[in-house]
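The structure appears below as structure tokens.
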Amino acid sequence: MSIDELTFDAAGLIPAVVQQYDTREVLMVGWMNAEAVRRTAATGRSTFWSRSRQEYWVKGETSGHRQHVKQILVDCDADTLLVLVDQEGPACHTGTRSCFEHGEIEVLH
């Protein structure tokens, strides 16, 4: 599949779920535009678009907690990416391994 076939939202972005390639642990979610997807594919380093700063950022560029991209998968609607990585150190900016360790919403059965 080519980047041109992806479905970006009105802001030109697509969500990218980042997962550890071997354990399938969900690490984080980021946003990419077409150029960020291109950069990620070309460099093998997760590159995102910062909605708040309006600039590109490469995961681990300042922290050293790099993501080495193994594969980029596209969902059935071509509107979400699954980025399989080998994560160095914590993935979350808070210092935890995963961004999904900070709380839980109770599910009533």
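The values are calculated or read from the model by the stated rules, or taken from the named source; none is laboratory data. From a predicted model like this one, the values you see are computed outputs, not experimental measurements. In this analysis, Cβ positions are derived from the backbone assuming ideal geometry, glycine residues included, and neighbour counts consider all displayed protein chains. Heavy atoms of the whole protein, side chains included, go into the accessibility calculation; ligands, DNA and RNA do not. Shrake-Rupley method; radii C 1.70, N 1.55, O 1.52, S 1.80 Å.
List of remarks:
- Close pairs (6 angstrom Cβ cut-off, 6 or more residues apart or separate chains): open to solvent by less than 100 Å² (accessible area, probe 1.4 Å) in segment 85-109, of a type in the set (V, I, T) and assigned to a loop (DSSP other than H, G, I, E, B) anywhere: P90/T96
- Identification of strands (runs of 3 or more DSSP E) wholly contained in segment 22-74 with 1 or more residues that are open to solvent by 90 Å² or more (accessible area, probe 1.4 Å), in contact with an Asp or Glu (Cβ under 9 Å, 6 or more places away or on another chain) and at pLDDT 95 or above yields 67-74.
Residue by residue, here is whether (1) closer than 20 Å to D9 by Cβ; (2) without any contact (Cβ under 8 Å) to a residue 24 or more places away in the chain holds:
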{"site": "R24", "(1), (2)": "no, yes"}
{"site": "M32", "(1), (2)": "yes, no"}
{"site": "E35", "(1), (2)": "yes, yes"}
{"site": "R38", "(1), (2)": "yes, no"}
{"site": "S50", "(1), (2)": "yes, yes"}
{"site": "R53", "(1), (2)": "yes, yes"}
{"site": "G60", "(1), (2)": "no, no"}
{"site": "Q67", "(1), (2)": "no, no"}
